[in-house]
Number of protein chains: 2
Amino acid sequence: MSHHKFLKLQTPDEARDAWLERIESECSAPGPEFVPLAQSLRRVTAAPIAARRSSPAFHGAAMDGFAVLAEKTFTASTRKPLRLEINKDAFRINTGRPMPENTNAVVMIENVNIGDDGRFVTLEQAVFPWQHVRKAGEDMVETEIILAPGTSIGPYEIGALAAAGALEVEVFRQPLVCIIPSGSDLEKLEDCVEADLRSGRKLPEFNSLVFSELIGEAGGKPLVMPIVEDDPQAVAQAIENAAKAGADLIILNAGTSAGSRDFSAEVIDRMGEVTAHGVAMMPGKPTVLGLVPSAGKKIPIIGAPGYPVSAVLSLEKFVVPLLAAWQKRLPPQAETVEVHPCNPMPSKPGMEEHVRVKLGSVNGKTFAIPLPLGAGTVNSLSRADAIITIPAACEGLNADEKVRASLLKPWQQIEGALLAIGSHDNTLDLVDSMLRRKFPRFRLTSAHVGSLGGLLALGRGNCHLAGSHLLDPETGIYNQAAIRTHLKGRPVNLVRLVERKQGLIVAPGNPLGISNFADLARDDVRFINRQKGSGTRMLLDYQLAQAGISPTSIAGYKDEEYTHMTVASAVLSGRANVGMGVRAAANALGLEFIPVGMENYDLVIPGEFMEDERIRALLRVIRSDEFKKAALAMGGYGVENSGEIIWEHGVQQGMSS
Amino acid sequence: MSHHKFLKLQTPDEARDAWLERIESECSAPGPEFVPLAQSLRRVTAAPIAARRSSPAFHGAAMDGFAVLAEKTFTASTRKPLRLEINKDAFRINTGRPMPENTNAVVMIENVNIGDDGRFVTLEQAVFPWQHVRKAGEDMVETEIILAPGTSIGPYEIGALAAAGALEVEVFRQPLVCIIPSGSDLEKLEDCVEADLRSGRKLPEFNSLVFSELIGEAGGKPLVMPIVEDDPQAVAQAIENAAKAGADLIILNAGTSAGSRDFSAEVIDRMGEVTAHGVAMMPGKPTVLGLVPSAGKKIPIIGAPGYPVSAVLSLEKFVVPLLAAWQKRLPPQAETVEVHPCNPMPSKPGMEEHVRVKLGSVNGKTFAIPLPLGAGTVNSLSRADAIITIPAACEGLNADEKVRASLLKPWQQIEGALLAIGSHDNTLDLVDSMLRRKFPRFRLTSAHVGSLGGLLALGRGNCHLAGSHLLDPETGIYNQAAIRTHLKGRPVNLVRLVERKQGLIVAPGNPLGISNFADLARDDVRFINRQKGSGTRMLLDYQLAQAGISPTSIAGYKDEEYTHMTVASAVLSGRANVGMGVRAAANALGLEFIPVGMENYDLVIPGEFMEDERIRALLRVIRSDEFKKAALAMGGYGVENSGEIIWEHGVQQGMSS
């Protein structure tokens, strides 16, 4: 058993290009097929599509009026109006109808006088041949090429094909992509039993579902095969089954890493050939690329990593370009924008890193905040606004350095978002949901770095607002002292979001009988702390000092989490016996809550943004009864002053306040 | 019968906003529904979606190795290695597996020594608590909001929902959009008989298909109702049927104009209320917006114009925003780019005009060429790269004026396109198809303005190349004299595309017995000409002068078409008896061809572009046997010199040549 399987990491581009070249020369690409027009949406033309008939197919009226032979009208004038007999020399015609025999022009209904008996019309002006006539073939001429090969068919193309009489369309067959989930612990998502998942006896298999949707969007046809055990023979058999099912491409997921049960590369190597094992990208490093033979031909195969984010990025790097190449078109390319990291982004040299970021557009400059890096954090993809690719040769990005990011969300969504950096509170999610429902153009994006971090970010101009609950031990007043210290010369408003109960969060039934801060120092108690700079941490330290308890006497004091919810989760999972946080977090996970006091949670908003339409919308939400009711229902909140401007700093009191 | 129904045109934005406001206050929006996760792609969340379990649900290994209790390892060092008994103090574990009881850290497999008997491991270093452990709730904590309301569900969101255990998702119900095609001449596309279409007895109904696809992409559920006759009572009945079918929105198509059979507005007015009839946009002017009552509620209704382009633009202006509003999200917004019209674009004041354009990116500047304006030209939408909106207050754009265009194709496609402006030849389509197949990044976009127009465009720097076949009557040499005159000081290469037969195109069997230019002046012969500045027109004029025939003696000499194919089409439809053009056009429509001589059709390519990778790819295609064979198969072409550089102007011969 070797634990250094990734001997030579290729760059992802090298690995992909080499694999695609081998596939192009050794594997058969899916050929063309004919599909009915109504089923051709999102397919890609495999050949030039020619018009089967001209459009219009006949000379037709382009206006409502009378069809005439222009040459007969040349003598008409105001002084000498011309009389034409209806149904002999002039024919009533509506737009789009074919021109009668021996006519070649239309007189608009406005320009004729119809005699009272309805038998004659009179013209006071000559008409030119082909006036107001849509000539046969004006739009397209029979045999003319309507769509070039490699055209993606959208609604407009459907219209052009219909007009051209192309009721069957020659498109590329959708490549059949067989997905083999592998892993003895995996259970089909729909068969999962909750208790098995919670204990870790079973892991839900959902990568295949995500893969299927990605493959569908890239023009492939996914087929999910049964889950296979961690056993080389079973995996080999599954690959053979996929080949028999007609796979154009096989995805093996996972078993691609260097663990004792990771033999995807081994099996592919034995059956066919591994062209790359391990690529210099993160996430996505444990990717295997290869070819397996079947019935005299070769089928491309990819071993995708098990962690969802790695797997998705691996598919986007290797599978999407293959599907595009088979359809002779370019892989879709995301729109990119120029962004500036709020903080330095270190990156491992030699590795191409794909960092998921949230974006905020503040005063015309777009700032990027990285989301958690873990490859398992699948919602770091759904939460991300964009991805920054840090090249292998680069050791990272400096704060504020200019870099391009590939958008995952439409730019208009990002433009309409308020970026809040600072403390975390559950009511921020509530505000976001209500904001989106009432003002679909706007949203609230928040990054949780603690109260102090928020004020510093605001000072650097990185965000629109900051959530903060920093107690000044000397005055007992929240936030104002910290703002005076850290936002010198920046006029800001302090807007109350909520008052909230802080307290100790313990397991249901409080089995260790914890009741106050002194209990945290007990030998049988393990604490879970919040990070430095968070308001909760400062409140704790203040209370400990008041009670004369030394932090070093508390087991777990150095064990930090970044949000109320992860503190509560640590208590729920038994990792700690007690943590400090808000009642809403305890309530959410069914934990017990021992109140230690009420605190103010405020939003710090620069004066310059107070008239911004997004901020105005935000304040309308916070001041609404709907918000207040919902916050009260979460428990532990006071909403009496929600939305009130508590204090204006550096505005009325002058810059020195 | 009034012919001035559009008394007061509202601006499209006013009309839309007023309609949407009425709908919001008087109609019921489609509510939420639950769908299985696997069917939730492209749906939009109707509520915040919370995690049903934490992810990971348990503390799990983040690395392959041994699970230990960190506190027991604190004494380990290189000098004093620590021995732990396997399955008592150290447990073999793979990534992702739950941590055994009483362990809280993982030692990587690389960092332990396994004893020979497999009973013990030794560590030379202490490990920290929670090292290489993915803590329960690290990715998401139970009850945490995973997706905000109004989120469009893509593959990433499916992954996040699966991880969160959200197997059913609360999304907005897809609004049911009933489409009523109306028109006595219409026939369902699949029932059409070719002869009826060619004669104009029937018109194929395909707007409903295009609408269905547009509505599906915008999140609606289309339902196409049977075609109704041009009869007010039948239309009213169809509206009632749609309401009974549960329509959230009804689209009536068409009968919205001012013709004698256009009573959509009348019927809607009688049944309910018309909020707008006629809007100040082109195409799309004859749009009707309104509300009809049904079973105590009101249903929005739109009468869309009959011409496909008008209809599509009307739906995009009015229906897509309504569907978005119902799903509480923003209508999709196209990426825009800065472009410069090659020629002036006049626009009717008071009308918002939507001009479909082709784009070419030449030396970093993007030029726009309008496609035919006709509202019936459905392939002007599929051919267009972008749409330029000229505001109502604007009388048009000047040539080269900066304006933003909304992209219909991905920018990378436009960036990879070579823009040819000039003469038309059928082999250009062939080159484009082959280019795309061999080089998916590249394509050839062509605009047909005649040979001379192409040289002038090239001179202005508006395009990459120009197709030209301009005979110099004095020397009998093609193109060189014209280049010397019109491209002074611009080094260009003349590359042979094809030699081609020019001739007279006549009806099958040549019923009038036309055999030479003298026959064009016969009384029983009607000619169809090409436009001034085209090589074919110049060749004709040269030949007529040679033969001593006066153009004024030729009936139809002033009747002009812009391409070989439309000339051939005019002959096929009987509009003319004879025209001049290439054999390929005659062959394509099964017409007879009387050769009058061979001419050279060349590509004029500026020297600066000769090393451009797109031009190199183009030349590779033109020089390929595949191209030459295909061109020969079209008939009337010589390919002996295809791809050869015939002449270099202003490069070797100096600027004065």
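The values are calculated or read from the model by the stated rules, or taken from the named source; none is laboratory data. The structure displayed is predicted, hence computed values, not measured ones. Backbone-built Cβ (ideal geometry, glycine too); neighbour counts: all protein chains shown. For accessibility, only protein heavy atoms count, side chains too; no ligands or nucleic acids. Shrake-Rupley method; radii C 1.70, N 1.55, O 1.52, S 1.80 Å.
What the table shows:
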item: Surrounding net charge for A:Ala126, when Lys and Arg each add one and Asp and Glu each subtract one, Cβ distance under 10 Å; result: -1
item: Calculated label separations, B:Gln39, copies of the chain, 7 Å along the beta-carbon direction, nm; result: 2.0
item: Segments A:386-393, B:391-398 sorted - mean Cβ within 10 Å per residue, highest first; result: A:386-393, B:391-398
item: Exposure rank, largest accessible area first [B:Arg530, A:Arg79; 1.4 Å]; result: A:Arg79, B:Arg530
item: Rotational relation B to A, axis-closest Cβ in chain B, residue and distance rounded to whole Å; result: B:Glu335, 3
item: Protection proxy ranking, peptides A:501-507, A:156-162, B:592-598, A:170-176, average beta carbon neighbours within 10 Å, highest first; result: A:156-162, A:501-507, A:170-176, B:592-598
item: Sum of -39500 (n - 2.57) over DSSP H runs of 4+, divided by residues of chain A (222 nm, nearest 500); result: -7000 deg cm²/dmol
item: Partner chain coverage, peptide A:130-139 - average Cβ within 10 angstrom; result: 5
item: Shape of segment B:284-389, Cα gyration tensor, a/c cut at 1.5; result: prolate
item: Computed magnitude of the charge dipole of the protein assembly as shown (debye, nearest 20; Cβ of K, R +1, Cβ of D, E -1); result: 840 debye
item: Share, in percent, of DSSP beta bridges within the protein assembly as shown that are antiparallel, nearest 5; result: 70 percent
item: Per-residue SASA entry for B:Met63, accessible area with 1.4 Å probe, Å² rounded to 10; result: 70 Å²
item: Position B:Glu640, label points 7 Å along Cα→Cβ, spacing to each other copy in nm (shortest first, one decimal); result: 10.1
item: Share, in percent, of DSSP beta bridges within chain A that are antiparallel, nearest 5; result: 70 percent
item: Surrounding net charge for A:Pro226, when Lys and Arg each add one and Asp and Glu each subtract one, Cβ distance under 13 Å; result: -3
item: Nonlocal amide H pairs with B:Glu561, under 5 Å, H built at 1.01 Å; result: B:Asn529, B:Arg530, B:Gln531
item: Antiparallel bridges, percent of DSSP beta bridges restricted to segment A:499-605 (to nearest 5); result: 75 percent
item: Magnitude of the charge dipole, chain B, Cβ model with Lys/Arg +1 and Asp/Glu -1, debye to 20; result: 800 debye
item: Buried accessible area, chains A and B (both chains, 1.4 Å probe, Å² to nearest 100); result: 9400 Å²
item: Most to least packed among B:418-426, B:101-109, A:623-631 [average Cβ atoms within 10 Å]; result: B:418-426, B:101-109, A:623-631
item: Heavy-atom surface of segment B:278-417, accessible at 1.4 Å and reported per residue (Å²); result: 34 Å²
item: Length-normalised contact order of chain A in % [C-alpha pairs under 8 Å, at least 6 apart]; result: 10 percent
item: Lys/Arg +1, Asp/Glu -1 at C-beta; the protein assembly as shown dipole; positive extreme among B:Ala90, A:Leu322, A:Pro372; result: A:Pro372
item: Proximal charge balance of B:Asp559 [Cβ under 9 Å; K/R count +1, D/E count -1]; result: +1
item: Shielding by partners - mean other protein chain Cβ count within 10 Å, residues of A:407-414; result: 3
item: Chain-alone versus full-assembly comparison, segment B:536-576, residues with accessible loss of at least 30 Å² (1.4 Å probe); result: B:Met565, B:Ser569, B:Ser573, B:Arg575
item: Relative contact order of segment A:92-214, defined on C-alpha pairs under 8 angstrom at six or more residues apart (%); result: 14 percent
item: Global geometry of chain A, whether rounded, prolate or oblate, following the gyration tensor of its Cα atoms and the 1.5 cut on a/c; result: oblate
item: Residue order for B:Met271, B:Met434 - accessible surface, 1.4 angstrom probe, largest first; result: B:Met271, B:Met434
item: Nm distances between copies for A:Glu335, ranked from closest, using label points 7 Å along Cα→Cβ; result: 0.8
item: Within the accessible area of segment A:426-570 (1.4 Å probe), percent carbon and sulfur; result: 54 percent
item: 10 Å Cβ neighbours from other chains, averaged over peptide A:161-172; result: 3
item: With all protein chains modelled, accessible area of A:Glu229 [1.4 Å, Å²]; result: 110 Å²
